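Any read-out appearing in this document is the output of simple, stated calculations on the displayed coordinates, not a laboratory observation. Keep in mind that this is a model prediction, so the values were computed, not measured. All Cβ positions, even for glycine, are placed from backbone atoms using ideal geometry, and neighbour counts span all protein chains on display.
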Amino acid sequence: MNLFKFQTSNIRSSRYIKNTFLIVLFQGVNIISNFLLVTITLDFLGVEEYGVWITLTSLMTWFSFLDIGLAHGLRNKYAEAKTENDFEKVKGLVSTAFFTLVFLSLIGFFIFFLVGFFLNWSQILNGPANLASEFKVVGLFMIFAFFIKLILNIVAILKTADQQPSIATFLITSGNFLALASIYLLIKFYSPSFQQLGIVMTSSQIIPTVLAFGFIFSTSYRGILPKWRYFSIDHIKSIFGIGFKFFLIQVSNLVILQSNILIIAHICGQKIVADYSIAYKYLWLVIVVFTSVITPLWSASTEAYIRNDIPWLKKAMKGLNKIWLLLCLVGILLVVFSPFAYKIWLRGKIEVDFLLLIFLLLNFILTMRYSMFRMFMNGVGKIQLQYRITLIQAALHVPFAIIGAKYFGVYGVISVMILWTAINSIIEPIQFKKIISGNLSRIWTA
């Protein structure tokens, strides 16, 4: 079956290059859409309400951990089963993962919807009290949309495991573009409320996933369409064996990344949240490009490592290091030309904070440095060391970031991030070299 096409080194490299190109292309559209969306919503909402929107969407990001690592566990086990040409196992893994997601989503929706209904959203978001009811409606709708997407997003997981991550990126980009078009038309021909903007934007971003689920499982993936008879407890154990560690790593990273917005909002104020968010989005360009390049490495590493194609892995990492150096230079140029870019993009509503940009750039440079090695580690399932270090960092981050914010403002929060990324940038390259050299020490290869 073409579902199990043998991947030689040349085929793997060709697919890697093709998907990298497509991801960069889609992310280019995504960046433009996001930049325009920021301009439109900032103009319409104003700095304070825009800050509330950013805080709300950041809160929703926390929900992504509710698959309990199933997505990453399925991604690895599915790729392994395909490499071994075990079609029955593939069907079992897909069906088990799908129905487990349905079960988790029903429980999660019931709990969070009930809790969210009684929350004071205005207080949580540190927003205007007169908009409390609108914040609640948008928040509850976002919870509903999240769980729908959690189930149907299995198509993106499978395409990524099939070394076609460009499909997953296309779905995200399509959602953002649809959101941009919808919001533009809504504002142009109507004067929408915060509630209406939130519902339209959220709906737009899940529609492509809904359509893709129906199309892909009725065509190329018809043979592995989820069916209850393929559900297996053994497959749950297999997926969650490594998936639960991914889950804890994911939660830890969310604590580290997403707590920053809340800490800045409550200690520094919504004005600083807007400054931080804008600077973050501006420099995020380098991370987007680099992520586009390294994303195909995960599943490609799984296959290459199983086939013991070490030369390919070394060559891939050498090429990624050159791209990293190039993007470091791009990041510096972005900081240098930021006054010009801010003026065109934001029309003078937010001034450039050079120190903020410099701190964020250093954090991003270090993040890119360790991410290329971590992508390999994730693909081959050697995540025990990453798991332990990330848990420690997550436990320390919130108190450290709060102290940093109280004494040094937003710069203190980012400084704590820089500390963690610097540590990771030292450890991850060492682990990569140990694994491909056949080092049997458990601390490096578990």
* To do: Would you mind pulling out the separation of the Cα centroids of region 368-404 and region 230-257, in Å?
  => 16
* Hey, what do the phi angles of region 66-73 turn into as Karplus ³J(HN,Hα) couplings, whole Hz, using 6.51/-1.76/1.60 and θ = phi - 60°, x for Gly and Pro? -> 6, 7, 6, x, 4, 4, 5, x
* Structure fact -> Fewest to most Cβ atoms within 10 Å: Ile23, Ile306, Ile242 sort as Ile306, Ile242, Ile23
* What is the spin-label model distance, in nm, from Asn253 to Phe354 if the labels are put 7 Å beyond Cα along the C-beta direction? -> 3.4
* Structure fact -> Between Tyr411 and Leu329, the two model label points (7 Å from Cα along the beta-carbon direction) sit apart by a distance in nm of 2.9
* Neighbour-count order for Leu140, Leu356, Leu297, Leu106, fewest beta carbons within 10 angstrom listed first -> Leu106, Leu140, Leu356, Leu297
* Assuming a ≥ b ≥ c are the square roots of the Cα gyration tensor eigenvalues, decide whether region 309-446 counts as rounded (a/c under 1.5), prolate (otherwise, with a/b larger than b/c) or oblate. => oblate
* Output the Cα-based Rg and Dmax of the chain in Å, rounding Rg to one decimal and Dmax to a whole number. => 21.8, 65
* Asked: How would you order 221-229, 395-403, 257-265 from highest to lowest mean count of nearby Cβ atoms within 10 Å?
  -> 257-265, 395-403, 221-229
* To do: Return the sequence-ordered ³J(HN,Hα) values of region 211-222 in whole Hz as given by the Karplus equation 6.51 cos²θ - 1.76 cosθ + 1.60 applied to θ = phi - 60°, using x for Gly and Pro.
  => 5, 5, 4, x, 6, 5, 7, 9, 10, 5, 9, 4
* Structure fact -> Exposure-ranked with fewest Cβ neighbours within 10 Å first, Trp312, Trp284 stand as Trp284, Trp312
* Structure fact -> In this structure, among Lys82/Lys159; Lys136/Lys188; Lys318/Lys433; Lys82/Lys237, pairs with alpha-carbon gaps over 21 Å are Lys136/Lys188
* Grab the beta carbon distance between Tyr190 and Val336, set R0 = 41 Å, and tell me the FRET efficiency rounded to 0.05. => 0.50
* **the chain, helix-only ellipticity at 222 nm - DSSP H runs n ≥ 4, -39,500 (n - 2.57), divided by all residues, nearest 500** => -29000 deg cm²/dmol
* What's the FRET efficiency of Phe118 with Asn10 using the Cβ-Cβ distance as r and R₀ = 51 Å, to the nearest 0.05? -> 0.30
* Under 23 Å from Lys281, Cα to Cα: lysines that are on another chain or at least 8 residues apart -> Lys271, Lys343, Lys349
* To do: Using amide H atoms built 1.01 Å from N in the peptide plane, name the residues 5+ places from Ser193, or on other chains, whose amide H lies under 5 Å from its own.
  => none
* Asked: Given the C-alpha centroids of region 97-117 and region 266-305, what is the distance between them in whole angstrom?
  -> 28
* To do: May I ask you to evaluate 6.51 cos²θ - 1.76 cosθ + 1.60, the Karplus curve with θ = phi - 60°, for each residue of region 184-195 and list the ³J(HN,Hα) values in order in whole Hz, giving x for glycine and proline?
  => 4, 5, 5, 6, 5, 10, 7, 10, x, 7, 4, 4
